[in-house]
Amino acid sequence: MKFKPCNRHLLIDPIEEDQVEQTGILLPDEYKSKNPFSVGRVIGKSADCSLNVFPGEKVTYTTTMVENVTIGGKEFFLLLENYVLGILDEEN
């Protein structure tokens, strides 16, 4: 199933970051601290999106702004272009 985003949304693939934090407090092994910011790879964008970003590029955004849509058992992650904080360039 293909999903084409509309209304200035980006279709992204969130990139999970494993973080191990030494706090001095004993926590369960499965505990992960929540980073307020995330990184995702752009899969597609709506035709009316004015953000100059292309499929394959990585963007950073506030983690809570992603919409998780499940249709037919498949998950899609949508992000409104206004919530993109930056485009990551790994060449420097």
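Before moving on, here are some points about what is shown:
- The stretch between I15 and E75 holds 20.2 nm of extra length on full extension. This uses 0.36 nm per residue minus the Cα-Cα distance.
- Sequence-distant lysines (8 or more away, or on other chains) whose Cα lies within less than 16 Å of K58: K45
- Peptide packing: for 81-90, 55-64, the average count of neighbouring Cβ atoms within 10 Å per residue gives the ranking 55-64, 81-90, highest mean first.
Read-outs throughout are calculated quantities, based only on the coordinates presented, and are distinct from any laboratory measurement. If you're wondering where the values come from, they're calculated on a predicted model, not measured in any experiment. Methodologically, a virtual Cβ is constructed for each residue, glycine included, from the backbone with ideal geometry; neighbour enumeration extends over all protein chains shown.
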